[in-house]
Amino acid sequence: MGANCDVLVVGGGPAGAAAAIRAAAAGLSVVVCDKASFPRDKTCGDGLTTTALRLLERLGLDPAAVDGWERVDEVVLRSPSGRIVELPLPTDGLYAAVAPRSTLDAALLDVAARRGAEIRQGAALQSLHTNGAGVEATLESGGATLTARYVVAADGMYSTVRRLTGVDGPHLGEWHAFRQYFTGVADRRLWVFFEPDLLPGYAWIFPVSGGRANVGFGLPRRPGESVRPMAGQWRDLLERPSLRAVLGAASPEGHHRAWPIPADLGRAPLSAGRVLFTGDAAGATDPMTGEGIAQALVTGILAVESIADGGSDPAAVGRRYDAAVRHHLARDLRFAAVLGRILASSRGARGAVHAAGLSPWTRRHFVRWMFEDYPRALLFTPSRWHRGAFTGPGAYRSA
Ligand SMILES: Cc1cc2nc3c(=O)[nH]c(=O)nc-3n(C[C@H](O)[C@H](O)[C@H](O)COP(=O)(O)OP(=O)(O)OC[C@H]3O[C@@H](n4cnc5c(N)ncnc54)[C@H](O)[C@@H]3O)c2cc1C
């Protein structure tokens, strides 16, 4: 079955769904293909920052449509010294939440379908050829071909589009992380553990509704470094008194899962002719925390806005997208990489947690900054200052 569209989005995760919703809103015809059938799991901590929540609200996602969605009102940090700092989140809206990716991604893709995007599931991209006027793609499901003016690559860490366009070689990811769900967790706060041997990585216990929790840990990894020792670290971590005190008698569900996180925006080009790379396929995650949902949503939206505004010249669209990502994201991710180096030492992490807990003012502001209430480097980029930039309300105030 052949079809023509303005935009083919490869991948239906947060980056792809955001691109599809934005494309439909701009009056572009859009097809999303994903190799999986939804709902599908994505190995993740499921944590949503304030930026992610504001974007999800803008895109039209209703939290009530997401099974397992849990509002977070308090964050607890555990310093390498064992010191505990409790950080209440503001109450004028939602500043943090946890939403299982199986239900979150399906609900967001539903929004895209309702707005007019055509969704093809169980349809892996197989081949991609560019001709003068567009891109021809073949999908696995029955060898369907599609012709699109532009392709948004939102196909994650092991992007097939990157491989097919030949802009990147094999890539292992700058972080690697483990995750497992637990049932029967009484403590409903969001915990972050800066264990001395994990720095600048960390462990987490994030509450999911129904008394469940998403438990995991992530570590930056050096080029070529094996992740095998992480399996032993994971078993050891789950027995530590620091985590056990929060997990109590909770029991694990199924097996743990592990997945890499690419945190290297700028390593490879953001576009290649009529193809624009977004989310994990662009390496657009925070190099200090490994978070990437907000960044996936931002890049998905910016890619389509660049297509809508850039006209028919792919080079102009690519330049526009590059500039937009530089303005909205690149400086924040560079700044986060610098801060990540401070957290690499026990002393640095202890100092950061201590500073966060100094006073009610530091507690309030640190937690807002930590949860991307405003861009990480906003303070140092006056070109992005505007009224309310540091004090905006949370998301979903009317919910
Ligand atoms: C353990 C772990 C914990 C994390 N915790 C957090 C967290 O708490 N908060 C946070 O913000 N971020 C977190 N992240 C990062 C976050 O999961 C990613 O950055 C985010 O999922 C990127 O979204 P995406 O849309 O770019 O890609 P993905 O969510 O990976 O979606 C890519 C989609 O492309 C599809 N696809 C792949 N290949 C093809 C193909 N050939 N054809 C068609 N479709 C294809 C896949 O099926 C998938 O649906 C975590 C990551 C890990 C590994």
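The values are calculated or read from the model by the stated rules, or taken from the named source; none is laboratory data. Everything numeric here is computed off the predicted structure, so don't read it as measured data. So basically every Cβ, Gly included, is an ideal-geometry build from the backbone, and we count neighbours across all protein chains shown. To get the accessible areas, we keep the full protein, side chains included, count just its heavy atoms, and leave off ligands, DNA and RNA. Shrake-Rupley method; radii C 1.70, N 1.55, O 1.52, S 1.80 Å.
Show that you can apply the helix-only estimate: for the chain, add -39,500 (n - 2.57) for every DSSP H stretch of four or more residues, divide by all residues, and state [θ] at 222 nm to the nearest 500.
Details: 11 runs with 124 residues, N = 399.
Result for the chain, helices only: -9500 deg cm²/dmol.
Ignoring ligands, DNA and RNA, what accessible area per residue does the range 130-243 give at 1.4 Å, in Å²?
Working: 4650 Å² over 114 residues.
That works out to 41 Å² for each residue.
How would you classify the range 318-373 from its alpha-carbon gyration tensor, with a ≥ b ≥ c the square roots of the eigenvalues: rounded for a/c under 1.5, else prolate if a/b is greater than b/c, otherwise oblate? Please list the in-between numbers first.
On the way: a/c = 5.76, a/b = 1.89, b/c = 3.05.
Cα axes put the range 318-373 in the oblate bin.
If you roll a 1.4 angstrom probe over the protein chains with everything in place, what fraction of the accessible area of the chain belongs to carbon and sulfur, to the nearest %? Don't jump to the answer; show the numbers that get you there.
Details: 8850 of 16370 Å².
Roughly 54 percent of what the probe reaches on the chain is carbon or sulfur.
How far, in degrees from 0 to 90, does helix 346-356 lean away from the longest principal axis of the Cα atoms of the chain, to the nearest 10?
Once rounded, the angle reads 90 degrees.
Name the residue, out of Gly184, Gly311, Gly300, whose mean-square fluctuation peaks in a Gaussian network model built on the chain with Cα pairs under 10 Å.
Of the options given, Gly311 has the highest mean-square fluctuation.
Calculate the length of the line joining the C-alpha centroid of the range 302-328 to that of the range 4-40, in whole Å.
Each part's Cα centre sits 17 Å from the other's.
Under a crude label model (7 Å from the Cα following the beta-carbon direction), how far is Arg334 from Ser359 in nanometres?
If labels sit at Arg334 and Ser359, their model points lie 3.2 nm apart.
So how many Å³ per residue does the convex hull of the Cα atoms of the chain work out to?
Values: hull volume 53.4 nm³, N = 399.
So the per-residue Cα hull volume is 134 Å³.
Expressed as an acute angle from 0 to 90° and rounded to the nearest 10, what is the orientation of the C-alpha long axis of helix 229-239 relative to the principal long axis of the chain?
In the chain, helix 229-239 runs at an angle near 50 degrees to the longest axis.
Heavy atoms only, 1.4 Å probe, whole protein assembly: order Lys35, Lys42 by accessible area, highest first.
Numbers: Lys35 160, Lys42 50 Å².
Highest to lowest solvent-accessible surface, that is Lys35, Lys42.
Could you work out how much longer the chain between Val76 and Ala344 gets when fully extended? Use 0.36 nm per residue separation minus the Cα distance between them, nm to one decimal.
On the way: separation 268, 0.36 × 268 = 96.48 nm, distance 1.96 nm.
Contour length minus the Cα-Cα distance gives 94.5 nm.
If R0 is 30 Å, what FRET efficiency do you get for Asp197 and Leu379 from their C-beta distance, rounded to 0.05? Numbers along the way, then the final one.
Numbers: r = 32 Å, r/R0 = 1.06.
That pair, Asp197 with Leu379, gives E of 0.40.
Could you tally the net charge around Leu87, taking each other residue with its Cβ under 14 Å from the Cβ of Leu87, Lys/Arg +1 and Asp/Glu -1? Walk me through the numbers before you get to the answer.
Values: positive: Arg78, Arg83, Arg189, Arg363, Arg364, Arg368; negative: Asp73, Glu74, Glu86, Asp373.
Net of charged neighbours comes to +2.
Grab the other residues whose beta carbon is less than 13 angstrom from that of Ala52, score K and R as +1, D and E as -1, and report the net. Write down the numbers at each step before the final one.
Numbers: positive: Arg54, Arg58, Arg101; negative: Asp46, Glu57, Asp105, Asp286, Glu291, Glu372, Asp373.
With Lys, Arg at +1 and Asp, Glu at -1, the neighbours total -4.
With a cut-off of 8 Å between alpha carbons and a minimum separation of six or more residues, what is the relative contact order of the range 244-334 in percent?
Here the relative contact order equals 25 percent.
Using a Gaussian network model of the chain with C-alpha springs under 10 Å, which one of Arg368, Arg189, Arg114 is most mobile by mean-square fluctuation?
Among Arg368, Arg189, Arg114, the largest GNM mean-square fluctuation belongs to Arg114.
Can you grab the distance from the C-alpha centre of the range 256-297 to the C-alpha centre of the range 47-93, Å, no decimals?
About 22 Å separates the Cα centre of the range 256-297 from the one of the range 47-93.
Using the Cα centre of the chain as origin and beta-carbon charges of +1 (Lys, Arg) and -1 (Asp, Glu), tell me which of Leu378, Gln180, Ile293 is placed farthest towards the positive end of the dipole.
Leu378
Going by the alpha-carbon gyration tensor, a ≥ b ≥ c the square roots of its eigenvalues, is the range 79-123 rounded (a/c under 1.5) or, if a/c is not under 1.5, prolate (a/b greater than b/c) versus oblate? Working shown, then result.
Working: a/c = 6.30, a/b = 2.34, b/c = 2.69.
Oblate.
How big is the gap, in Å, between the Cα center of the range 126-146 and the Cα center of the range 364-399?
41
If every alpha-carbon in the range 265-399 counts as one equal scatterer, what log10 I(q)/I(0) does Debye give at q = 0.17, 0.22 1/Å?
Cα-only, vacuum Debye calculation for the range 265-399: -1.00, -1.36.
Hey, got the dipole for the chain? About the Cα centre, +1 on K and R Cβ, -1 on D and E Cβ, debye to the nearest 20?
On the way: 44 positive and 38 negative charges, 177 e Å.
Result for the chain is approximately 840 debye, rounded to the nearest 20.
For Arg235 and His255, compute 0.36 nm times the residue count separating them, minus their Cα-Cα distance, and round to one decimal in nm.
Extra length available between Arg235 and His255 comes to 6.0 nm.
Run the dipole for the range 98-194 about the Cα centre, Lys and Arg Cβ at +1, Asp and Glu Cβ at -1, nothing else charged, and hand back the magnitude in debye, nearest 20. Walk me through the numbers on the way to the answer.
On the way: 10 positive and 9 negative charges, 57 e Å.
Charge dipole of the range 98-194: 280 debye, to the nearest 20.
Kindly express, to the nearest 10 degrees and within the range 0 to 90, the angle between helix 14-25's C-alpha long axis and the longest C-alpha principal axis of the chain.
50
Compute the relative contact order of the range 1-66 as a whole-number percentage, counting only Cα pairs closer than 8 Å that sit 6 or more residues apart in sequence.
31
Between Ser209 and Arg40, what length comes free when the chain is fully extended (0.36 nm per residue of separation minus the Cα-Cα distance, one decimal in nm)? Don't jump to the answer; show the numbers that get you there.
Details: separation 169, 0.36 × 169 = 60.84 nm, distance 1.85 nm.
Length gained between Ser209 and Arg40: 59.0 nm.
If you place +1 on the Cβ of every Lys and Arg, -1 on the Cβ of every Asp and Glu, and leave all else neutral, what size is the dipole of the range 1-82 about its Cα centre, to the nearest 20 Debye?
On the way: 8 positive and 10 negative charges, 53 e Å.
With Lys and Arg at +1 and Asp and Glu at -1, about 260 debye.
Which value, in Å², gives the accessible area per residue of the range 1-127 when a 1.4 Å probe is used on the protein heavy atoms?
Details: 4480 Å² over 127 residues.
Here the residues of the range 1-127 average 35 Å² of exposed surface.
Per residue, how much accessible area does the range 351-399 have with a 1.4 Å probe, in Å²? Mind dumping the intermediate values first?
Details: 2780 Å² over 49 residues.
Heavy-atom SASA per residue in the range 351-399 reads 57 Å².
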